[in-house]
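*Asks:* Sharing a structure with you now.
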Amino acid sequence: MLKVKTYANGLKLVVKKMEGLLSVSAGVMVKTGAANETDEEDGISHFIEHMQFKGTREKTAFEISDAFDRMGAQVNAFTSKELTCYYAKCTSDHTEETCELLFDMFLKASYPQEETEREKGVVCEEIHMNEDTPDDLCFDVLYAAIYGNDGYGRNILGKEKNVRGFTKSDMENYKAKYYHPENMVVVFAGGVDFSLAEKVTDKYFSDLKRGNVTAPRRNTKFSARTLMRRKKIEQTHIAIAFPSLTRDDPLCDALQTFNGVFGGGMSSRLFQEVREKSGLAYSVYSYASLYEDCGNLIVYAGVNPEKSDLAMRDIGRCIADLKKNGITDEEFLRGREQMKASLLFSQESTSSQMLLYGKEMLLSGREYDFEGRLNSINKVTKKDAEEIVERTFDGGKYAVGVVGNIRKGAEFVL
């Protein structure tokens, strides 16, 4: 059962009751992330996400974490290119107390100076960890190749120099731009009644004042270039992006179906050709990364530096064969069933449902329609999936991000 309430201040409350469950996931989502930042703000969305946990006027950081732990609740947050989400999961009997603690932490964070300076060290270590995680770093390099150093090209963690310099005033000014009720969604999923969700949301959010949120102007032009970061590690990590659909394109379900055929599973073309037949990679896959005003189909492979050319050759062969011969009936049906199964599996997880219903409302302004989505997937045809092949690969444009032990003279050409 799904219920939605829109407040006078623009806030949306989304409650997805899941019968028979004894747990609840609740979250507050804000429509801002790395892609909204200026050069001076680079990394601040993520830094604020950390600092929201570091104390309020009434509670210290330890008292907040201790209170969640005493209820057996789990609390966390994440920042993406487009949104920031703060969420908790608890047993149904602790829903009200958990959400009061989560909302209090979200709305009343005080950014103590000592905690701020300490957390700068924590986030800088996270930046260092990302530098030592080459597959993650590879995607950062890829997005910089496509979009440059701003908008969608920004690294979510930001630059260490920026993080070291952030002040309480910087955080408050950024929140004054984006942390407004009309730019937020509060969402519940699990064993929770709408009346309880409404009661605790009313208490904390109904009196918030509207702001004046201005949508940022972002570069969405696809740049077909290659960026490389040399690192002394055992593998070469390669990520390739092809321009694709926006999030609300009618062919999105066809794209996801095609991705199952191309590189979304163990029976996919990429997995079978690059790993199973050629033995060139342990990890090779593809996925769709779709945003409000741009999107990409991305291929990743981690390979021996001496065999990177062979891996690119095999990826190119997969694409050439798809363009020439299309996909088989069997592949199409398998890809569509994978999509349906993924959708159905998500119905069994309160955290998955919280994210699914909350993100749909926040990013698209719509109620998530499960039955409609299932019907849409069932209506995808093989012709639709083959149109994706044409739209993705016929333009001949692609960008490449490479990280690792890159041999001299290596070329990353499909």
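*Asks:* Simple spin-label model, 7 Å along Cα-to-Cβ: R225 to D135 in nm?
*Replies:* Distance between label points: 2.8 nm.
*Asks:* Around D314, with a cut-off of 9 angstrom between Cβ atoms, what is the net charge of the other residues, counting Lys and Arg +1 and Asp and Glu -1?
*Replies:* Every neighbour counted, the sum reads +2.
*Asks:* Over region 1-74, average the accessible area per residue using a 1.4 Å probe and give it in Å², no decimals.
*Replies:* Result: 42 Å² per residue.
*Asks:* Okay, moving on. Gap in Å between the Cα centre of region 162-183 and the Cα centre of region 274-313?
*Replies:* Cα centroid to Cα centroid, the span is 37 Å.
*Asks:* Indicate the gyration tensor shape class of region 1-111 (rounded, prolate or oblate), computed on the Cα atoms with a ≥ b ≥ c the square roots of the eigenvalues: a/c under 1.5 is rounded; otherwise a/b larger than b/c is prolate and the rest oblate.
*Replies:* oblate
*Asks:* Could you name the lysines in cross-link range of K307, using Cα to Cα under 28 Å and dropping any fewer than eight places away on the same chain?
*Replies:* Cross-link targets: K231, K232, K277, K323, K324, K397, K408.
*Asks:* Okay, next question. Length gain on complete extension for the stretch K203 to K379, per 0.36 nm per residue less the alpha carbon to alpha carbon distance?
*Replies:* 59.0 nm
*Asks:* Also, I was wondering about something else. Let's see if you can work this out: charge +1 on each Lys and Arg Cβ, -1 on each Asp and Glu Cβ, no other charges. What is the dipole magnitude of the chain about its Cα centre, in debye to the nearest 20?
*Replies:* 940
*Asks:* Using a simple spin-label model with points 7 Å from Cα along the Cα→Cβ vector, what separation in nm is obtained for T167 and S267?
*Replies:* Using points 7 Å along Cα→Cβ, the separation is 6.0 nm.
*Asks:* Let me ask something additional. Once both labels are modelled 7 Å past Cα along the beta-carbon direction, what's the E276-L344 spacing in nm?
*Replies:* 2.3
*Asks:* Tell me the net charge near T246. Cut-off is 11 Å between Cβ atoms, T246 excluded, with +1 for each Lys or Arg and -1 for each Asp or Glu.
*Replies:* -3
*Asks:* When you count, for each residue, the other Cβ atoms within 10 Å and take the mean per peptide, how do 389-395, 353-359 rank with the highest first?
*Replies:* 353-359, 389-395
*Asks:* Related question: For T246 and K108, FRET efficiency with R0 = 30 Å and r from the beta-carbon atoms, rounded to 0.05?
*Replies:* The formula returns an efficiency of 0.25 here.
*Asks:* Follow-up question, since we're still on this one. Using R₀ = 41 Å, calculate the FRET efficiency as 1/(1 + (r/R₀)^6) where r is the Cβ-Cβ separation of T328 and S352; round to 0.05.
*Replies:* In this case the efficiency is close to 0.85.
*Asks:* Report, in debye and to the nearest 20, how large the dipole of region 76-183 comes out about its Cα centre when Lys and Arg carry +1 and Asp and Glu carry -1 on their Cβ.
*Replies:* Using Cβ point charges on Lys, Arg, Asp and Glu, region 76-183 gives about 460 debye.
*Asks:* Using the heavy atoms of the protein chains and a 1.4 angstrom probe, tell me the accessible area per residue for region 176-263 in square angstrom.
*Replies:* Spelled out: the 1.4 Å probe surface of region 176-263, per residue, equals 49 Å².
*Asks:* Please go through the residue pairs K16/K359; K3/K379; K59/K199; K12/K177; K5/K89 and name each one whose alpha carbons sit more than 25 Å apart in this structure.
*Replies:* K3/K379
*Asks:* A further question follows. For region 292-299, what does the Karplus curve 6.51 cos²θ - 1.76 cosθ + 1.60, with θ = phi - 60°, yield as ³J(HN,Hα) per residue in whole Hz, taken in order and with x for Gly and Pro?
*Replies:* Each residue's phi maps through the Karplus curve to give 4, 10, 6, x, 9, 9, 10, 10 Hz.
*Asks:* Let me ask another. Got a sec to turn the phi values of region 182-195 into Karplus ³J(HN,Hα) couplings, 6.51 cos²θ - 1.76 cosθ + 1.60 with θ = phi - 60°, whole Hz, x for Gly and Pro?
*Replies:* Ordered by residue, 3J(HN,Hα) equals 6, 10, 10, 9, 9, 9, 10, 8, x, x, 9, 7, 4, 4 Hz.
*Asks:* Roughly speaking, what is the stretch gain from D321 to D69, that is 0.36 nm per residue apart minus the C-alpha to C-alpha distance, in nm to one decimal?
*Replies:* Here the segment from D321 to D69 would lengthen by 85.3 nm.
*Asks:* What's the carbon and sulfur percent of the chain's accessible surface, probe 1.4 angstrom, rounded to a whole number?
*Replies:* Of the solvent-accessible surface of the chain, carbon and sulfur hold 48 percent.
*Asks:* Within region 149-239, report the GluC sites (Glu not before Pro) that DSSP leaves as loop and that have at most 11 other Cβ atoms within 10 Å.
*Replies:* When the GluC sites (Glu not before Pro) of region 149-239 are filtered for loop state and at most 11 Cβ neighbours within 10 Å, E234 remain.
*Asks:* Here's another thing I want to ask about it. Whole-Hz ³J(HN,Hα) for each residue in region 46-54, computed from phi via Karplus 6.51 cos²θ - 1.76 cosθ + 1.60 with θ = phi - 60°, x for glycine and proline: what do you get?
*Replies:* Once rounded to whole Hz, the list reads 5, 5, 4, 3, 5, 6, 4, 8, 9.
The values are calculated or read from the model by the stated rules, or taken from the named source; none is laboratory data. These figures come from a predicted structure and were not determined experimentally. For neighbour counting, all protein chains shown are included, and Cβ atoms are generated from backbone atoms with ideal geometry for every residue, glycine included. These area figures cover heavy atoms from the full protein model, side chains too; ligands, DNA and RNA do not enter into them. Shrake-Rupley method; radii C 1.70, N 1.55, O 1.52, S 1.80 Å.
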